[in-house]
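What follows is one structure encoded as structure tokens, with my remarks underneath.
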Amino acid sequence: MHNCLFCKIASHEIPAEILYEDEQIIAFKDISPQAPVHFLVVPKRHIANLMELTPADNALIGHIVFCAQKIAKNQGCEEKGARFVFNCKQHGGQTVGHVHLHTLGKRNLEWPPG
Ligand code: 5GP
Ligand code: ZN
């Protein structure tokens, strides 16, 4: 997708601290971490937000979630857990229009969000 930040990271046009990558997905550290562990898992194919997903994306989303789980475990979050979240559009607080799963860990996070 033209001029999409996460498409550019997925194609290595813009650098990022990459934690995992395969043909379908890429995981990288958030540039403005809100917790000691904060990374994003993103499909390489441009999908604007969670509302755009279809049943054909079931396996892709499962792959994204499982990737986040594996990295979270590798980064020491298994025992105490983490926050796994998809922000979606305006009310969800989404700022980058390419679907991404946040993982935040290694500190206590409040609920509900402000
Ligand atoms: P959203 O607000 O859309 O749920 O999350 C977008 C996330 O992308 C934010 O946490 C923000 O810090 C992160 N982000 C924005 N620009 C960049 C960038 O250029 N590189 C990386 N690695 N993360 C970014
Ligand atoms: Zn994109």
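The values are calculated or read from the model by the stated rules, or taken from the named source; none is laboratory data. In this text the structure is predicted, and so the values were computed from the model without any measurement. Neighbour counts are summed over all protein chains in view; Cβ atoms, including those assigned to glycine, are modelled from backbone coordinates with ideal geometry.
A few notes on this one:
Quick grid of which residues meet (1) touching a Ser or Thr at 6+ places or on another chain (Cβ under 6 Å); (2) closer than 15 Å to F6 by Cα; (3) of a type in the set (K, R):
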| site | (1), (2), (3) |
| --- | --- |
| F39 | yes, yes, no |
| V42 | no, yes, no |
| A59 | no, no, no |
| V96 | no, yes, no |
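- Residues of segment 68-114 classified as surrounded by 12 or more Cβ atoms within 10 Å (Cβ to Cβ) and either polar (S, T, N, Q) or at negative phi (or both), total: 31
- When segment 12-24 is filtered for residues that are within 13 Å of ligand 2 (Cβ to nearest atom) and surrounded by 11 or more Cβ atoms within 10 Å (Cβ to Cβ), only I14 remains.
- Looking at A27, A48, A68, A35, just one residue is in a strand (DSSP E or B), within 16 Å of ligand 1 (Cβ to nearest atom), small (G, A, S) and touching a residue at least 40 places away in the same chain (Cβ under 8 Å), and that residue is A27.
- Of the candidates L50, L104, the single residue that is of a type outside the set (S, T, Y), at pLDDT 95 or above and away from ligand 2 (no atom under 16 Å from the Cβ) is L104.
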